[in-house]
Amino acid sequence: MVVGSGLAGLQTAWQLAGAGEVHLFTQSRAGAGNSSRAQGGIAAAVGEGDPDTVEVLVREGPAAVAGLARLGIPFDRSGDRWALGKEGSHSVSRILHASGDATGAAMVETLLARVRSHPRIRLFSHTRVTGLIAEGGECFGVTAVRGEEGIVCRARAVVLATGGCGQVFRYTTNDPVVTGGGLAMAYRAGAALADMEFVQFHPTALAVEQNPMFLISEAVRGEGAVLVNSCGEAFMGRYHDWKDLAPRDVVSRAIDREVREGRRVFLDARGLKERFAARFPTIFARCLEHGIDPRRDRIPVTPAAHFLMGGVRTDSHGRSGVRRLFAVGEVACTGVHGANRLASNSLLEGAVFASRVAKAAGRLPRVPAFPDRVVRQEMFTVDQENPVYADAVRRIMWEHAGIVRNRNSLIDGMNALSSLREEVPGEYLECHDMIDVSQVILHSALKREESRGGHFRGDFPEPREEWAKKRIRIRRGEPVEPIAIEKTGM
């Protein structure tokens, strides 16, 4: 059983079908999620000059990309070779893309067509998985709701591919379904969540009021666009030697500071001229919808929550601490991204680890019968939610756990969420999931008294050596303590 129909979920379901019947659940329409929103592309060491003695992600990346191409994903080409782009913090051009800036959509569309046509995969769209059937450290299946129908489904393996939790923040590029449900279910079932303080804020979302916010891909800067403030200054040289292609956390904090000091920030891509529309057709069209012509106008941008480096703690084959429960893609924390994901590695992660998860899950024996008491009536009680409560969570998290954090603000955020939980009706499952995940983020951010990667503490602005090899892992009912990073088999 696979929960989620983004790239990681579709790829896992496709590969698992060789081992048996697969049920694929998706809360909204099939293919909904963040994968289809990915613009920049997928990074892999397929060009010249990349090291060949690296860990799993890079070592298995080329084969994963080649397999995707064989499935029919139309990566853009330059002559007889793949066209490779460059993004922030990459030292060479290694980003494959499709339809210019619609890579994720092209990948999801291709894989979804394959999944729909497979006789051993059954797709349940508009089906809300409400809980994991788990007891004694073992997962037996899931409960779900589809319309008025309650579903109990037993499986020899459950794979969470539900994405991250960007929608717990007020400003985010994440799809509306990405509210942290998979993280919350795993947490309630006894799995550990790790690295939850490491949230990546993408520096360049289109600065218009909307949810989700539209992403202006880092690849635009890779093609030569420059960040400027309302004074006309190309300011990134004041913050980092790599200027506009500095790591995302550096660029986000730089923009945040410019705005706090009273200066608006724009992406100036006018130097690309007519090439902009050809290279970034999706971005070009969306800008035009808002009255912005990138060939003549500067594009207003702002940071927004984008990616979670943490998640369900797994080994390098996606196994969580709960037997038969796996996680893959953004919902998983293999440690591969460290504290700050490199651009275009999310699609690669989904492709590479889907294969490893499918191999491990496909070898499991049939699940034994589970006791009836494991399934409870409240697992089917889901009501239409009042958006006021979810919006309150988002405001709290943006204000108290956003780009720059500090101890007092984090504590205030935890107290605010505790008070809010008492107001939220029990049947508003999604909002309770959001609160669970948000509190884990706040606890983790409070515990890590340093700044590293996507986690920045204004009261501890530098990294601390004693934290360099520590990971914060939280399991329900256990105290929040840092632990030494364990080997993952990678």
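The values are calculated or read from the model by the stated rules, or taken from the named source; none is laboratory data. Remember, predicted model here, so these are calculated numbers, not experimental data. Neighbour counts run over all protein chains shown; Cβ positions are idealised from the backbone, glycine included.
Remarks
Residue by residue, here is whether (1) in contact (Cβ under 8 Å) with a residue 40 or more places away in the chain; (2) of a type in the set (D, E, K, R); (3) touching a Gly at 6+ places or on another chain (Cβ under 8 Å) holds:
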{"residue": "Arg275", "(1), (2), (3)": "yes, yes, no"}
{"residue": "Glu289", "(1), (2), (3)": "no, yes, no"}
{"residue": "Asp293", "(1), (2), (3)": "no, yes, no"}
{"residue": "Gly310", "(1), (2), (3)": "yes, no, no"}
{"residue": "Gly318", "(1), (2), (3)": "yes, no, no"}
{"residue": "Arg323", "(1), (2), (3)": "yes, yes, yes"}
{"residue": "Leu347", "(1), (2), (3)": "yes, no, yes"}
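- Selection of the range 121-163 for residues being assigned to a loop (DSSP other than H, G, I, E, B) and within 26 Å of Leu347 (Cα to Cα) yields Ser125, His126, Thr127, Ala157, Ala161, Thr162, Gly163.
- Residues of the range 206-224 satisfying the condition of being aliphatic (A, V, I, L, M) and assigned to a loop (DSSP other than H, G, I, E, B): Ala207, Val208, Met213, Ile216
- Restricting attention to the range 116-164, the residues that are within 24 Å of Val312 (Cα to Cα) and without any contact (Cβ under 8 Å) to a residue 12 or more places away in the chain total 1.
- Contact annotation: residue pairs with Cβ atoms under 8 Å, 6 or more positions apart or on different chains, pairing a residue in the range 411-426 that is over 29 Å from Glu449 (Cα atoms) with a partner that is of a type in the set (Ser, Thr, Tyr) and outside any helix (DSSP H, G or I), are Gly426/Thr381.
- Single match in Ala361, Ala390 (criterion: in a helix (DSSP H, G or I) and over 19 Å from Ala157 (Cβ atoms)): Ala390
- Scanning the range 234-267 for residues being within 27 Å of the chain's Cα centre (by Cα) and within 21 Å of Arg296 (Cα to Cα) gives a total of 4.
- Residue count for the range 140-157, restricted to those that are surrounded by fewer than 21 Cβ atoms within 10 Å (Cβ to Cβ) and either of a type in the set (Lys, Arg) or under 20 Å from Arg363 (Cα atoms) (or both): 4
- Residue that is under 19 Å from Cys333 (Cβ atoms) and among the small types (Gly, Ala, Ser), where the choices are Gly141, Gly166, Gly147, Gly136: Gly166
- Condition check for Ile435: buried (at least 20 other Cβ atoms within 10 Å of the Cβ), at pLDDT below 95 and β-branched (Val, Ile, Thr): no
- Answer residue from the range 315-352, given it is of a type in the set (Val, Ile, Thr) and modelled with pLDDT under 95 and is nearest to Val251 (Cα to Cα) among those: Val336
- The range 307-338 - residue that is among the small types (Gly, Ala, Ser) and buried (at least 21 other Cβ atoms within 10 Å of the Cβ) and, of those, nearest to the chain's Cα centre (by Cα): Gly329
- Residue within the range 388-396 that is in contact with a Gly (Cβ under 7 Å, 6 or more places away or on another chain) and assigned by TED's automatic domain parsing to the domain that holds His432 present: yes
- Scanning the range 453-474 for residues that are in a helix (DSSP H, G or I) and surrounded by 13 or more Cβ atoms within 10 Å (Cβ to Cβ) gives a single hit, Trp467.
- Matching residues, the range 231-266, being part of a helix (DSSP H, G or I) and on the phi > 0 side of the Ramachandran plot: Lys243
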